[in-house]
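The values are calculated or read from the model by the stated rules, or taken from the named source; none is laboratory data. Bear in mind that the values here come from a model prediction, so they are computed numbers and not experimental data. Don't worry about glycine lacking a Cβ; one is built from the backbone with ideal geometry, like all the others, and counts go over all protein chains shown. The accessibility values were calculated without ligands, DNA or RNA, using every heavy atom of the protein model including side chains. Shrake-Rupley method; radii C 1.70, N 1.55, O 1.52, S 1.80 Å.
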Amino acid sequence: MTEFHDWKDIRADLDDGYSEALAAERARTEAWISAVEFLDELPAERNQSVAQAAASVRAEGLAISSNTEAIMERWARGELSTTQMRELVRQLHTS
């Protein structure tokens, strides 16, 4: 993982005419911002996926169990990975 540099070091590099330090720090900052934006959008997208899955099941004349719904809600909040969510749902229906 790339670590952020101490601002005193960056400023000292810039004072010495080292413009690559600013470019490197800007790139790190942009990467961090992109990751934060992605994580902010993730729950909304997952909630939409859960709603679409529930609607699809209802359209087939079926219902999602409360246990499955709880697992899907945990996934939507980011508490479970997709792989974990799938495994837990499979376990519910194979026991």
Q: Given the peptides 75-81, 29-35, arrange them by the average over their residues of other C-beta atoms within 10 Å, most packed first.
A: 75-81, 29-35
Q.
If you count only protein heavy atoms and use a 1.4 Å probe, how large is the accessible surface of S19, to the nearest 10 Å²?
A. 80 Å²
Q: Name the residues whose placed amide hydrogens come within less than 5 Å of the amide hydrogen of L80, ignoring near sequence neighbours (fewer than 5 apart) on the same chain.
A: W75
